[in-house]
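The values are calculated or read from the model by the stated rules, or taken from the named source; none is laboratory data. Owing to the predicted nature of the structure, the values given are computational and were not obtained by experimental measurement. Reconstructed Cβ throughout: ideal geometry from the backbone, glycine too, with neighbour counts over all protein chains shown. Accessible surface areas use protein heavy atoms only, side chains included; no ligands, DNA or RNA. Shrake-Rupley method; radii C 1.70, N 1.55, O 1.52, S 1.80 Å.
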Amino acid sequence: MEVVFLLLLIVLMIAALGSGFPVAFALPGAAIVSIGAAALAGSLFAGDSAAYFAQGSPLQWLTAGVTNFRDVYWDVERDTLIAIPLFIFMGIMLQRSKIAEDLLVTMAQLFGPVPGGLGISVVFVGALLAATTGIVGATVVAMGLISLPAMMRNKYSSPLACGTIAASGTLGQIIPPSIVLIILADQLANAVDQADTLRKQLYKDATGLTSLPSEFAIGSTSAGEMFIGALLPGLVLVAFYMIFIMLLAMMRPRMAPAVPVEGKFDAAFYRNVLITLVPPLALIIAVLGSIISGIATVNQAGAVGAVGAALMASYRLHEGKRGAYAPVVLAIVSVVALVIIMRLFNTNVKLVRTSSDVIGITLAAIAVVMFLGAVAWAFWRTYRFENTLYGVMVETSKATALVFVILIGAAMLTAAFRGFGGEELVKNFLTNMPGGFWAQFLIVMGVIFLLGFFLDFIEIAVVVVPIVTPILLMDPGANVTAVWLGVMIGLNIQTSFLTPPFGFALFYLRGVAPPSISTLQIYKGVVPFILLQLAALFVVGYTPSLVNYWPIRLNLLSDVAPPPANPRLQHCIEQLVLPQYVTREAEIRAAIAKAKGLDYSFVPSELRSDLTGSFAKAEQVFEHAKAIKAAETAIEQKKPAYAPLHRQVREIQQDALRLDTHRRELEQDIQRLKRGGRDVTKLEATLAAEAEKKKALLASIPASWEADHKAFADLLKADAASRQRYRRTSDDAYQPVEKLLQTIDQTSELERRVADVKALTDAVQKKKPAEAVEQIDAVNKVVGALGGRTVRRELSRARSALRGRAPDVKKAEAHIQETLKLVAGELAWRKRASSELKPGLDAYDATIRTNIGLREQPRLPRSEALSVAACMANHRDVSLHF
């Protein structure tokens, strides 16, 4: 019966949407009606309101909807949604201030004399508008009103003109900053959590182990990563469009003729080009650059975009008037001044120490006030000129409210869908399909493509994505990233927006196109661009590094980059490092022998024994590297014969698990019906049939499975064990070297702190015991860390002597004197080591830092980080571990 109410939910939603009922009410309305109908039917016919729910109760699922309402607004993990109104404001402000129109006109004049130049300029401006607005309808309408008459006037082919404008207008779907990408990132962040749970369960079912190794976990995503990942695919699409128009103009000049220039290409013209082009480009660089460089979050970048759009609008709306550029000039001067002040002075209020710091903070405050004044001036101007600011705020509020209400309604619909077992049905349908991940992926992309004819991107992102993406992300065979999947979905939605007969972009263009252009011409014009988008979709699908490389690269090079010992990095680090033990074996062994031959007799015994052992460990690394290579070779040799068997048996076992789930549901139904005195003969017969079906399934597992699986599992264990030995040995080989070099490097600092230790004698004699204890603690934190365990122990004893009811000053003084002796001894051997050992150890460290010692570095060096990023950017099949 759950299926009946699931169908009712879908029919109600389709009927409401098809009748023109507002989406914001159609989605939650369908959920509430279907949940209520199921609860009422359960109460009437089964005596239990939860009888017709796959799991849970109607109250539970309504509560889940309310919880989702709250999460949309108050969940701190979803704060990227705040960026939506900011980017919407930025886009609408740029359009209302006619900056978009200026771009189109100026670029048309610049590229016009080139064959196809006008079309290329439309694509170029479409990309710029996409990077500043991200609103498809507004972009298509604006470009249709401005560009289409110009293209027709210059005898462009009507289909080509329409196709160029419609395709360029949809670039806002994929080129960041895009509202689509923000919403997809938000939905995918939740989907990743579900997918990770599913993958952990899959791993447990397959191996019996409860802990999923971190290297097989699914990485989450954010709006910033989505922006960075979508940038290259978006530029690839723009390049496809431009190349197509250029080639078409060369082969058939009459379809895209050159446009004669009105006026001259003189200094005034190029000045106008700079004034028109530089501000939008600067805004794009400020918004995207701040995200990519890690300076700002997506929310902060959205604020930068909104303020920048207001500043640009302030001079455009007052063009030709006195002081038109005054707010912008004031803002630029204040920002430049603030940057200079922050470089010259300490502007951290918590660290004010000198009068110079006070001057710096005062000057910075003045610069900030100047900037805020410039921003307030710009907003006041946009408000005074034809009430532009009011109109922009109203449109922003409408668009933002629509987005958030749809998010809430979709959360309610998704909760109902799960309550009736829809998610499980979709999962079973997809996982039962032959062809594995790629068959599932193509089906999902096809469904999203078709839904793009009828639903806006927001409805698709918040209704479909949460249901299907956890299933795709959990598949260990493809092991795709959430960023790649999100970009592929974004490209797909963009393609569907162009496809006749229902593509939204076509309706927008039809609304502003003159009667002389037929709908058929519009349809004909978009066909080549649809093919180009499908080609881009194929290129991005076939080359995941186009999406994955830059987010991973920037993460590994950032200030908060994960350390090389991070489990997720190990596979790619070993792919990079292990070949060095073959190609550089003689060099590394020679460095080990040379470092081993240095005189360490004067080094403290503890450090000396650790260092001696480290050289032995370093020599063992080569054997462990060979063991890993041997294990890899054995796995690769076995894989072709074993992999098909593994897939076959795992599919059978998954089918058996699904039968077990169905069996438990049948048993619950039987118990419930028995309590109500109902006949359960048919259900018991079905239960028996299910048991026989499971028995037959398990019997179909090949007889060789147990032996073959054990043999392959042993190979995987041997590989994992050899890698673990290598990691442990390489760490043990490098840590003592690193520790000794750090100790030697701290010599001058320890020498400077001797005065602090000497000052403790006066503190013990002249200060109260409690005050002396505080001073000893402060010194111990610094000197104890620099001088080692024995120094720390003596200072701790001095502190203990002053505690209690009867402080022993003489005993404390004795421990301080002993501390001074220990520090003097430390300084003596460290100074000798600095001259006799450090040059040799530095040379040794330089040789092994990027191989044996790589895992122990605080972060990956740049060249190694780039290599690891290139490795991680490609998807890796890990299904044989499950």
(request) Tell me which residues, restricted to the range 415-428, are part of a helix (DSSP H, G or I), under 18 Å from Ala39 (Cβ atoms) and either of a type outside the set (A, V, I, L, M, F, W, C) or touching a strand residue (DSSP E or B) at 6+ places or on another chain (Cβ under 6 Å) (or both). (result) Arg418, Gly419, Gly422
(request) Need at least 3 residues that are open to solvent by 60 Å² or more (accessible area, probe 1.4 Å), within 21 Å of Glu606 (Cα to Cα) and among the charged types (D, E, K, R) per element, so show me which helices (runs of 4 or more DSSP H) inside the range 760-838 make the cut, counting only ones lying wholly within it. (result) 789-801, 809-836
(message) Given the criterion over 18 Å from the mean Cα position of the chain (by Cα) and either under 17 Å from Met872 (Cβ atoms) or open to solvent by less than 50 Å² (accessible area, probe 1.4 Å) (or both), identify the matching residue among Gly486, Gly541, Gly490, Gly525.
(response) Gly525
(message) Out of Ile291, Ile228, Ile245, I need the residue that is in a helix (DSSP H, G or I), modelled with pLDDT under 80 and either out of contact with any Ser or Thr (no Cβ under 8 Å at 6 or more places or on another chain) or open to solvent by less than 70 Å² (accessible area, probe 1.4 Å) (or both). Which one?
(response) Ile291
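Yes or no: Leu598 part of a helix (DSSP H, G or I) and either acidic (Asp, Glu) or open to solvent by less than 60 Å² (accessible area, probe 1.4 Å) (or both)?
On the way: part of a helix (DSSP H, G or I): no; either acidic (Asp, Glu) or open to solvent by less than 60 Å² (accessible area, probe 1.4 Å) (or both): yes.
The answer is no for Leu598.
Check Gly65, Gly56 and return the single one that is touching a helix residue (DSSP H, G or I) at 6+ places or on another chain (Cβ under 8 Å), open to solvent by less than 10 Å² (accessible area, probe 1.4 Å) and either more than 30 Å from Ala324 (Cα to Cα) or at pLDDT below 70 (or both). Show your work before the answer.
On the way: Gly56 fails: open to solvent by less than 10 Å² (accessible area, probe 1.4 Å).
Answer to the selection: Gly65.
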(request) Give Leu212, Leu237 a once-over and let me know the one that is farther than 20 Å from Ile458 by Cβ, over 15 Å from the mean Cα position of the chain (by Cα) and buried (at least 23 other Cβ atoms within 10 Å of the Cβ). (result) Leu237
(request) Within the range 867-882, identify whether any single residue is modelled with pLDDT of 90 or more, open to solvent by less than 30 Å² (accessible area, probe 1.4 Å) and in a helix (DSSP H, G or I), and answer yes or no. (result) yes
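Listed here are the residues, each with its yes/no results for (1) closer than 19 Å to Ile183 by Cα; (2) in contact with a Leu (Cβ under 9 Å, 6 or more places away or on another chain); (3) open to solvent by 30 Å² or more (accessible area, probe 1.4 Å); (4) in contact (Cβ under 8 Å) with a residue 24 or more places away in the chain.
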{"site": "Arg381", "(1), (2), (3), (4)": "no, yes, no, yes"}
{"site": "Gly422", "(1), (2), (3), (4)": "no, yes, no, yes"}
{"site": "Leu450", "(1), (2), (3), (4)": "no, no, yes, yes"}
{"site": "Leu455", "(1), (2), (3), (4)": "yes, yes, no, yes"}
{"site": "Ala461", "(1), (2), (3), (4)": "yes, yes, no, yes"}
{"site": "Met474", "(1), (2), (3), (4)": "no, yes, no, yes"}
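For the subset of the range 85-118 comprising residues that are aromatic (Phe, Trp, Tyr) and farther than 27 Å from Phe244 by Cβ, which member is modelled with the highest pLDDT? Give the steps one after another, and end with the answer.
Of the range 85-118, the ones aromatic (Phe, Trp, Tyr) are 87, 89, 111.
Within this subset, residues satisfying the condition of being farther than 27 Å from Phe244 by Cβ are 87, 89.
Working: Phe87: 80, Phe89: 85.
Residue satisfying both the conditions and the ranking: Phe89.
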(request) Within the range 332-346, track down each residue that is of a type in the set (Gly, Ala, Ser) and farther than 12 Å from Leu372 by Cα. (result) Ala337
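Okay, residues lined up against (1) in contact with a strand residue (DSSP E or B) (Cβ under 9 Å, 6 or more places away or on another chain); (2) open to solvent by less than 70 Å² (accessible area, probe 1.4 Å); (3) within 18 Å of Trp380 (Cβ to Cβ):
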| site | (1), (2), (3) |
| --- | --- |
| Thr297 | no, no, no |
| Val304 | no, yes, no |
| Ala309 | no, yes, yes |
| Gly320 | no, no, no |
| Ile341 | no, yes, no |
(message) Being touching a Ser or Thr at 6+ places or on another chain (Cβ under 9 Å) and either over 30 Å from Val621 (Cβ atoms) or assigned to a loop (DSSP other than H, G, I, E, B) (or both) is the requirement here; does Arg678 meet it?
(response) no
(request) Quick one: which residue in Ala565, Ala590, Ala505 is touching a residue at least 24 places away in the same chain (Cβ under 8 Å) and surrounded by fewer than 17 Cβ atoms within 10 Å (Cβ to Cβ)? (result) Ala565
(request) For the range 700-716, indicate whether the set of residues that are among the aliphatic types (A, V, I, L, M) and either touching a His at 6+ places or on another chain (Cβ under 8 Å) or on the phi > 0 side of the Ramachandran plot (or both) is non-empty. (result) yes
(request) Using the structure shown, decide if Gln570 is in contact with a Cys (Cβ under 6 Å, 6 or more places away or on another chain) and either hydrophobic (A, V, I, L, M, F, W, C) or in contact (Cβ under 8 Å) with a residue 12 or more places away in the chain (or both). (result) no
(message) Looking at the range 354-374, can you tell me whether even one residue there is among the hydrophobic types (A, V, I, L, M, F, W, C), within 24 Å of Gln95 (Cβ to Cβ) and under 32 Å from the mean Cα position of the chain (by Cα)?
(response) no
(request) State the number of residues belonging to the range 253-288 that are open to solvent by less than 70 Å² (accessible area, probe 1.4 Å), in contact with a Ser or Thr (Cβ under 9 Å, 6 or more places away or on another chain) and not hydrophobic (A, V, I, L, M, F, W, C). (result) 3
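Can you tell which of Thr347, Thr297 is under 30 Å from Thr221 (Cα atoms), among the hydroxyl-bearing types (Ser, Thr, Tyr) and either in contact with a helix residue (DSSP H, G or I) (Cβ under 7 Å, 6 or more places away or on another chain) or touching a residue at least 12 places away in the same chain (Cβ under 8 Å) (or both)?
Thr297
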(request) State yes or no: is Val375 over 16 Å from Val307 (Cα atoms), in a helix (DSSP H, G or I) and either in contact with a helix residue (DSSP H, G or I) (Cβ under 6 Å, 6 or more places away or on another chain) or not charged (D, E, K, R) (or both)? (result) no
(request) Please enumerate the residues belonging to the range 843-866 that are in a helix (DSSP H, G or I), in contact (Cβ under 8 Å) with a residue 24 or more places away in the chain and loosely packed, with under 14 Cβ neighbours inside 10 Å. (result) Ala843, Arg862
(request) Among the numbered conditions (1) under 30 Å from Leu716 (Cβ atoms); (2) charged (D, E, K, R); (3) under 18 Å from the mean Cα position of the chain (by Cα), tell me where Asp559 comes up short. (result) (1)
